[in-house]
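One structure is given here, and the rest of the page talks about it.
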């Protein structure tokens, strides 16, 4: 049932340091990784404020009886909690950790959480900020990106085994500094989400019939609209906190400024000016032909699949076809 | 070489009315459809202002020696010219058409071009506005949308065979009025493009390194960035003219208003307000779980493909693998 597309599930030699605690391990992301690390040889314990022992049971891992005792005995403590709680939880738990152990987090911002973890983890405890760039609906880590942010001078022994653990699952691992991470994510995440959420909000304000519009879609719109829906279907708390990235404000401002400039060109019927703006943007952007080829391919895959489903829909179990193809129970289970 | 994924290429009985002229038939869209209609039993002639007889030869169709004579003898005249030229070309050519013939266009706007076609086509000539919602890089019409806008009271005999010709190729055909078409396209095309072009423009103004950012991508960003690149790689003239849709201004205004509102909530650190705005948008939007499942599936397909290519890249002919998968020469030829 939990068959994934991962290549090989080799465990790596943890030299006996295999006791991992995931704080927030009963949540979506936390339980996804509880399973991931368990499958790779860690002895995983989870803890969550709502005491969902049933989730731990379903995952086949322990639920921490006493949180502070578990922290003190763990080789790796992972904070898989909302961004706004990360600093407080680091302050509460990190001072209890033992020398030689590793403190990690799974948040989408790095500067603030890293500062807190470095501040509260005792000397001799390593700190590795981690940003898995995917949500728990993804069935496998293969092809997904994981960004690692090692604390300067405080991640000598754990960085390379952790890189290895993600790489062996098929992830693309990148190592970055906290500030650079946040600067890049202000575009990659904050701006992308912001543009999409604003589209949804505009469609609501226009009272535009999204469902009906599906009949008149181009593939570009169809795929965009599903990404908009994807974002809206997930945690508003997470998406709101990503906008709190200190770099995001500057990026949003630049976006709104360009929206206004382009809109004015169109309002004035300045076709030549609009075209010139597009060309300037294209010059900076680069790689248009490759993007065209890749997106043609994506659209082709998408249509093949959609048309395949449509034929399948006459069969009685069409819903299960879709569910299976999108990751099936493996992708749903950890969301509980 | 021109093997496509289309199901079956049945010709339909045109009752001898098979002589088609495509004005602009040597351009990207025009030549794509020259081939499409030729394969379905039409005797196709093309004409283009740059006299590209070589393109006609490659397509295996005639190039019109004398344009006006060809118009007068044709059963179907298709205007595949830039939106801004459609009205002028209709004025010039439509009056020459013979009774019982059909005038079509392929533009992305409908109100203006329809008005002109109806005005200039003599009584007894039918008028069918047509909007193929895809570009000539697409290898097959299967699963693509074609919108037909029959002129009121002036498309009695041609509507149904034309619907059939597109349906048999595997297209989704929708019939709409001109005003409703433009209202829907102000969102489906104009807003989608506008948001994406503005992103490119913002990234240029921030001097953001797009190529480097690919290393730190989430699939949502990766796919978005390729759609941005896709739009930038195509005709600025087409994209500028789509913004000229008279309904688009209102939609752009609503979008910029919502961008500002959401940005202010984030600037003020009003996390609760931002979340509430997201929830309200989601309520209007609907279908979040379906969007999540569909986009999970798309992301899965995309990653499978990308990772497959990556393995293939070690082989000497990687570039041809990519080209083949994205439609190969069939998708490139009509762009000349």
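Every number in this text was worked out from the coordinates using simple rules, so none of it is lab data. Values in this document were obtained by computation on a predicted structure and should not be read as measured data. Positions of Cβ are generated from backbone atoms using ideal geometry, with glycine treated the same way; all protein chains shown enter the neighbour counts.
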Would you mind ranking B:264, B:70 by Cβ crowding within 10 Å, fewest neighbours first?
B:264, B:70
Full extension from residue B:249 to residue B:115: what is 0.36 nm times the residue separation minus their Cα-Cα distance, to one decimal in nm?
46.2 nm
Overall form of the range A:19-176 per C-alpha gyration tensor (a/c, 1.5; a/b vs b/c)
rounded
FRET efficiency (residue A:15, residue B:72; Cβ distance; R0 56 Å; to 0.05) is 0.05
Please give the contour-minus-distance gain from residue A:91 to residue A:167: 0.36 nm per residue of separation, less the Cα-Cα distance, rounded to one decimal in nm.
24.3 nm
Cβ neighbours within 10 Å from other chains - mean over B:246-253
3
One decimal, nm, shortest first: give the distances between the label point of residue A:250 and those of the same position in the other copies, each label point 7 Å from Cα along Cα→Cβ.
3.9
Once the convex hull of the alpha carbons of the range A:177-269 is built, what does its volume come to per residue, in cubic angstrom?
127
Can you pull the mean other chain C-beta count within 10 Å for peptide A:237-243?
5
How large is the convex hull of the C-alpha atoms of chain A per residue, in Å³?
167
Of B:166, A:42, how do they rank once you tally other Cβ atoms within 10 Å and put the fewest first?
B:166, A:42
What gaps in nm, shortest first, separate residue B:270 from its twins in the other copies when you place the label 7 Å past Cα toward the beta carbon?
3.2
Shielding of A:29-35 by other chains, given as the mean Cβ count within 10 Å, works out to 0
Specify the inter-centroid distance of the range A:127-145 and the range B:84-109, based on alpha-carbon positions, in whole Å.
54
List, shortest first and in nm to one decimal, how far the label point of residue B:98 (7 Å from Cα along Cα→Cβ) is from its counterparts in the other copies.
9.5
Return A:203, B:301 ranked ascending by Cβ neighbour count within 10 Å, so the fewest neighbours appear first.
B:301, A:203
Relative counts (whole %) of C-alpha pair distances in the protein assembly as shown, using bins that are 20 Å wide:
17, 47, 27, 8, 1
